[in-house]
Amino acid sequence: MLLSIITLLLIAYLGLGITLYFMQSALTFSPTGEVPYNPGDIGLEYEKVQLETADHLILSGWYIPAKNARFTLLFCHGNGGNISYALDSINIFYELGLNCLIFDYRGYGHSQGKPTEEGTYIDAQAAYDWLIKEKKLKPSEIIICGKSIGGSIAAHLASNAEAKGLIIESGFTSYADIGQKFYPYLPVRPFARYGFKTIDYIKEASCPVLIIHSRNDEIVPFEFGLRLYEEAAKEPKEFIEIFGNHNDGFLYSGQIYREGLTNWMEFLENYQQQTAAKIKLIS
């Protein structure tokens, strides 16, 4: 009888794992096709952008120029909605003097295709290449930024491309880690379909890193941001602690968020000058 009970428990456990496996795509990617708003609705001039990926899909995006911009931000949004859900972030970046390129991953908004992990990495690379080729930017003028799952996509890009800096807001260490945190009783790790190994990607990034996280984040707990900062990010690095929930902590934190970004950009400018001076001295 004991053997029968153990067998039934194993079958049930395996069934949960298989169910979890096939549910992951819907849980991980939540795209919305309709794009009801654009930067013009909040008074910002913008350029509609079409990006062609290496596997020949067309992605939709916006390029929002700022006056006297210090840097250009390549923004990777979260797993839900589309670029129209990020207008509050875009407005803040504009007010802080940052050009911004935001794009929809495949399957989101008006972008072609179906979302996959590897696809999001290809999409981010297409956005980066567009800035280099079409806007004639140098890597030293680009800041790669991502929020939530977009933080993992941004970190992956920064591990393969040069940039002035990397910002990860409300990010997690890996897909399996965040799943195991919330479902410790389920076989998350052996049945994980995705990697999104942010903690590994950050270790490979060669640029300064800024981690932003709220202690009140109910979706990606604060501990994940700390781990990214303490265990993965190399010097020079910075951590900004904000407050509020996962989706609007950056708004509730107000000046803490804005001043933190402003101070970090000033650091980047000085860091750039110091690095150039050292190179000149060595040569």
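The values are calculated or read from the model by the stated rules, or taken from the named source; none is laboratory data. Keep in mind it's a predicted model, so treat the numbers as computed, not measured. All Cβ positions, even for glycine, are placed from backbone atoms using ideal geometry, and neighbour counts span all protein chains on display.
Residue by residue, here is whether (1) of a type in the set (S, T, N, Q); (2) over 19 Å from Leu157 (Cβ atoms); (3) at pLDDT below 95; (4) under 21 Å from the mean Cα position of the chain (by Cα) holds:
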| residue | (1), (2), (3), (4) |
| --- | --- |
| Ala54 | no, no, no, yes |
| Ser60 | yes, no, no, yes |
| Asn68 | yes, yes, yes, no |
| Leu73 | no, no, no, yes |
| His77 | no, no, no, yes |
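Here is a list of conditions, (1) out of contact with any His (no Cβ under 6 Å at 6 or more places or on another chain); (2) closer than 21 Å to Ala158 by Cβ, and Tyr121 meets all of them except one; can you say which number that is?
Against the list (1) out of contact with any His (no Cβ under 6 Å at 6 or more places or on another chain); (2) closer than 21 Å to Ala158 by Cβ, Tyr121 comes up short only on (1).
Would you mention how many residues in the range 136-172 are surrounded by 24 or more Cβ atoms within 10 Å (Cβ to Cβ), of a type in the set (S, T, N, Q) and closer than 20 Å to Ser206 by Cβ?
Residues meeting the conditions: 1.
Keeping to the range 45-75, report how many residues are farther than 21 Å from Tyr121 by Cβ and in a loop (DSSP other than H, G, I, E, B).
So the answer is 8.
Which one of the conditions (1) farther than 16 Å from Ile149 by Cβ; (2) in contact with a Gly (Cβ under 7 Å, 6 or more places away or on another chain); (3) at pLDDT below 95 does Gly254 fail to meet, given that it meets all the rest?
Every listed condition holds for Gly254 apart from (2).
Scan (1) surrounded by fewer than 16 Cβ atoms within 10 Å (Cβ to Cβ); (2) in contact with a Ser or Thr (Cβ under 8 Å, 6 or more places away or on another chain); (3) among the hydrophobic types (A, V, I, L, M, F, W, C) for the single condition Ile242 breaks and write down its number.
Against the list (1) surrounded by fewer than 16 Cβ atoms within 10 Å (Cβ to Cβ); (2) in contact with a Ser or Thr (Cβ under 8 Å, 6 or more places away or on another chain); (3) among the hydrophobic types (A, V, I, L, M, F, W, C), Ile242 comes up short only on (1).
Taking Ser206, is it among the hydroxyl-bearing types (Ser, Thr, Tyr) and surrounded by 19 or more Cβ atoms within 10 Å (Cβ to Cβ)?
Working: among the hydroxyl-bearing types (Ser, Thr, Tyr): yes; surrounded by 19 or more Cβ atoms within 10 Å (Cβ to Cβ): no.
The answer is no for Ser206.
Among the residues of the range 138-157, is any modelled with pLDDT under 95 and not small (Gly, Ala, Ser)? Walk me through how you get there before you give the answer.
Taking the range 138-157 as the starting set, the residues that turn out to be modelled with pLDDT under 95 are none.
Taking every residue of the range 138-157 in turn, none turns out to be modelled with pLDDT under 95 and not small (Gly, Ala, Ser).
Looking at the range 121-229, what helices (runs of 4 or more DSSP H) fall wholly within it and have at least 1 residues that are without any contact (Cβ under 8 Å) to a residue 24 or more places away in the chain? Steps first, please.
On the way: elements: 149-160, 175-182, 198-204, 222-227.
Fully inside the range 121-229 and qualifying: 175-182, 222-227.
What number of residues within the range 97-119 satisfy the criterion of being touching a strand residue (DSSP E or B) at 6+ places or on another chain (Cβ under 8 Å) and at negative phi?
14
Spot the failing condition for Gly225; the list is (1) modelled with pLDDT under 95; (2) under 26 Å from Arg70 (Cβ atoms), and only one is missed.
(1)
Can you name the residue in the range 65-85 that is surrounded by 23 or more Cβ atoms within 10 Å (Cβ to Cβ) and among the aliphatic types (A, V, I, L, M) and is also nearest to Gln255 (Cα to Cα) among such residues?
Once the filter is applied, the top-ranked residue is Leu73.
Looking at the range 82-94, is at least one residue part of a loop (DSSP other than H, G, I, E, B) and either of a type in the set (Gly, Ala, Ser) or touching a Cys at 6+ places or on another chain (Cβ under 6 Å) (or both)? Before you say what the answer is, go through the steps one by one.
Initial filter on the range 82-94 (part of a loop (DSSP other than H, G, I, E, B)): 82.
So of that shortlist, the ones also either of a type in the set (Gly, Ala, Ser) or touching a Cys at 6+ places or on another chain (Cβ under 6 Å) (or both) come out as none.
Among the residues of the range 82-94, not one is part of a loop (DSSP other than H, G, I, E, B) and either of a type in the set (Gly, Ala, Ser) or touching a Cys at 6+ places or on another chain (Cβ under 6 Å) (or both), which makes the answer no.
Take Ala176 and tell me if it is more than 20 Å from His246 (Cβ to Cβ) and of a type in the set (A, V, I, L, M).
No; evaluated as a whole, the condition is false for this residue.
Can you go through Asp55, Asp104 and tell me which one is surrounded by fewer than 19 Cβ atoms within 10 Å (Cβ to Cβ) and closer than 29 Å to Gln24 by Cα?
Asp55
Name the residue, out of Gly107, Gly113, that is within 18 Å of the chain's Cα centre (by Cα), of a type outside the set (Phe, Trp, Tyr), farther than 23 Å from Trp264 by Cβ and not in a strand (DSSP E or B).
Selected residue: Gly107, the only one of Gly107, Gly113 that is within 18 Å of the chain's Cα centre (by Cα), of a type outside the set (Phe, Trp, Tyr), farther than 23 Å from Trp264 by Cβ and not in a strand (DSSP E or B).
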